[in-house]
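Written out below as structure tokens is the structure these notes cover.
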Amino acid sequence: MFQNQKITTDIYYVGVNDRQKAKFENMIPLPHGVSYNAYLIMDEKTALIDTVDIAFGDLFVNKIQSQLEGRALDYLIINHMEPDHSGSIRLLRKYYPEMIIVGNNKTLSMVEGFYGVDDNFLEIKDAGILSLGKHKLQFHLTPMVHWPETMMTYDLKEKVLFSGDAFGCFGNLNGTVMDTEMNIEKYWDEMARYYANIVGKYGAAVQKALQKLTPIDFEIICSTHGPIWKKYITKVVDMYDQFSRYEGKDGVVIVYGSMYGNTELMAETVAQGLAEAGVKEIIIHNVSKTDSSFILRDIFKYKGLIVGSPTYSNELYPEVESLLRKIEIRGIKNRAFGYFGSFTWAGAAVKRLATFAEGMKWNTANIAVEEKQGLKTDNYLACLELGKEVAELLKKPMPGNSNC
Ligand code: FEO
């Protein structure tokens, strides 16, 4: 019964929307949902590119059956093994026992490891080609974008790149899947949030993948999440390039924790200092109120970061500590950084922030404001100065700009 959307003459979209899951990977909120994209190529041989989360297995099989109209499914090509894409492999094998599963050596061992499926495999090598008839599919291994087995599949006939998670974003697809047929604006921030949280640690691997893609003349990108890119290809590739180089835009993110408003008042004052120094993009996040996935998104987007924390049980405020760990894990580079904090009887937060700054090797402001109890005039003025100093740092070259 399904009329699957055509991407090109022979390629159909057979993915699904997930409007039910609250948190991706049980961590990252999905206010606009997420799609799991899969594609069916109809040729002399038929090939499915990736599957979907098993929660949607029944719908997925129905969409495939509608398209195949009784034909066999000859190949299942696995670009990425994370279970939001590989979850329906075992189910599909039940419907199509002759289906050949195509992947690289890392993929195939994961198919066995996750699903106990260990036969009808075709192992491909980098740059290998599989012919479906008119369509020739070339495989490009892109390890660690963001799992070890990740690869991309290029359809030489239609100039379509099936890119796995790369160039993907959160957000459901409402009625259509093509970027040419929708208002795309809401997806940009969700692409940044997807990149920062899922791929963000692997900037060097993304850079390698982008270099590998340079000679390929693709006209459509079919990712595993979010819209299919045709009109906005240049923009999405540029976004990936900038994020993976850790190049932020002009602007400063202030993140603070605060129990009773004292550290919060310092954050407001630092922001005033930034604004007085001419910074136009100032984003302030209360770390207890905004989920860290949104904060990380903005830290990837902007060049400046200022963190404030009260001392809590002789440590950093726990929510700030947790965020700093996420920043360290991602190895975010090239930021202008400042920090401030407060305490009631013994200060620890500012010392810990200084250690963090040292470890990140960013351009860090010399002024670090530390207040005991309520904010007083000297530190009020120091907060203004901190904002101004970080504004100046934004104009200076970053220490690791050539280092990805
Ligand atoms: Fe969308 Fe890495 O899974």
What whole-number value in Å² describes the accessible area per residue of the range 249-393 for a 1.4 Å probe? 42
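Where both partners of a DSSP beta bridge lie in the chain, what percent of those bridges are antiparallel, to the nearest 5?
Values: 27 of 66 bridges.
Antiparallel bridges make up about 40 percent of those DSSP assigns within the chain.
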What the Cα atoms of the chain span along the principal axes, largest first and in whole Å, is 78, 38, 37
Among S293, Y312, A336, whose Cα sits farthest toward the positive end of the charge dipole of the range 249-393 (+1 at Cβ of Lys/Arg, -1 at Cβ of Asp/Glu, about the Cα centre)? S293
Work out from phi, with θ = phi - 60° and the Karplus expression 6.51 cos²θ - 1.76 cosθ + 1.60, the ³J(HN,Hα) of each residue of the range 37-44, listed in order in whole Hz, and give x for Gly and Pro. 8, 9, 9, 10, 9, 9, 9, 4
Using the alpha-carbon atoms, what tilt in degrees (0 to 90, nearest 10) does helix 185-194 show relative to the longest principal axis of the chain? 80
Answer with one residue from G57, L73, Y187: the one whose Cα lies farthest towards the positive end of the charge dipole of the range 5-244, charges on Cβ with Lys, Arg +1 and Asp, Glu -1. Y187
Mean projected area (nm²) of the alpha-carbon convex hull when the range 249-393 is viewed from all directions: 7.3
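Would you please calculate the Kirkwood hydrodynamic radius of the range 89-201 over all C-alpha pairs and express it in Å, rounded to one decimal?
Working: mean 1/r = 0.0617 Å⁻¹.
One decimal place: 16.2 Å for the Kirkwood radius.
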Once the principal axes of the Cα atoms of the range 199-254 are found, what is the range along each, listed largest first in whole angstroms? 38, 22, 19
Residues whose built amide H sits under 5 Å from the amide H of V34, excluding neighbours closer than 5 in sequence, are D18, G171, N172
What does the extension gain come out to for Y380 and N286, with contour length at 0.36 nm per residue minus their alpha carbon separation? 31.9 nm
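Quantify, in whole percent, the carbon and sulfur part of the accessible surface of the chain (1.4 Å probe; protein heavy atoms only).
Working: 8260 of 16730 Å².
Carbon-and-sulfur percentage of accessible area, whole number: 49.
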Positive-end residue of I283, G261, G374, charge dipole of the range 260-404 with Cβ unit charges: I283
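Would you please put 214-224, 122-132, 33-43 in order of how densely packed they are, using the mean number of other Cβ atoms within 10 angstrom per residue and starting with the highest?
Numbers: 214-224: 17.5, 122-132: 14.3, 33-43: 22.9.
Highest-to-lowest ranking by the protection proxy: 33-43, 214-224, 122-132.
Enumerate by residue number the GluC sites (Glu not before Pro) in the range 228-305 meeting two conditions: DSSP loop (anything except H, G, I, E, B), and at most 16 other Cβ atoms within 10 Å of the site's Cβ.
On the way: sites: E247, E264, E268, E276, E281; in loops: E247, E281.
When the GluC sites (Glu not before Pro) of the range 228-305 are filtered for loop state and at most 16 Cβ neighbours within 10 Å, E247, E281 remain.
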Based on the Cβ-Cβ distance of A72 and E112, what FRET efficiency does E = 1/(1 + (r/R0)^6) give at R0 = 30 Å, to the nearest 0.05? 0.85
Residue-averaged [θ]222 nm for the chain, counting only DSSP H segments that reach four residues, each worth -39500 (n - 2.57): -10000 deg cm²/dmol
Please compute the length gained on full extension between K125 and N314, using 0.36 nm multiplied by the number of residues separating them and subtracting their Cα-Cα distance. 62.7 nm
If you average the C-alpha positions of the range 51-98 and of the range 5-47 separately, how far apart do those two centres end up, in angstrom? 11
Can you compute 3J(HN,Hα) from phi for each residue in the range 330-345, using the Karplus curve 6.51 cos²θ - 1.76 cosθ + 1.60 with θ = phi - 60°, rounded to whole Hz and x for Gly and Pro? 7, x, 4, 10, 6, 10, 8, 10, x, 8, 7, x, 8, 7, 9, 10
What residues have an amide H closer than 5 Å to that of D165, excluding those fewer than 5 places away on the same chain, when H is modeled at 1.01 Å from N in the peptide plane? T224
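Per-residue counts of other Cβ atoms within 10 Å, averaged by peptide: what ranking do you get for 10-20, 387-397, highest first? Spell out each step's value before the answer.
Values: 10-20: 20.1, 387-397: 18.5.
In decreasing order of mean packing, 10-20, 387-397 become 10-20, 387-397.
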Could you rank the peptides 365-374, 299-308, 144-153 by their average count of other C-beta atoms within 10 Å per residue, with the highest value first? 299-308, 144-153, 365-374
Nearest 20 debye, what's the magnitude of the dipole of the chain about its Cα centre given +1 on Lys and Arg Cβ and -1 on Asp and Glu Cβ? 460
Which of N172, N183, N62 fluctuates most in a GNM of the chain (C-alpha springs under 10 Å)? That residue is N183
Given the range 5-244, report the % of alpha carbon pairs whose separation exceeds 31 Å. 14
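The values are calculated or read from the model by the stated rules, or taken from the named source; none is laboratory data. Please read these numbers as outputs of a predicted model, since none were measured by experiment. When we count neighbours, we look across all protein chains shown, and the Cβ atoms used for this are built from the backbone with ideal geometry, even at glycine. Heavy atoms of the whole protein, side chains included, go into the accessibility calculation; ligands, DNA and RNA do not. Shrake-Rupley method; radii C 1.70, N 1.55, O 1.52, S 1.80 Å.
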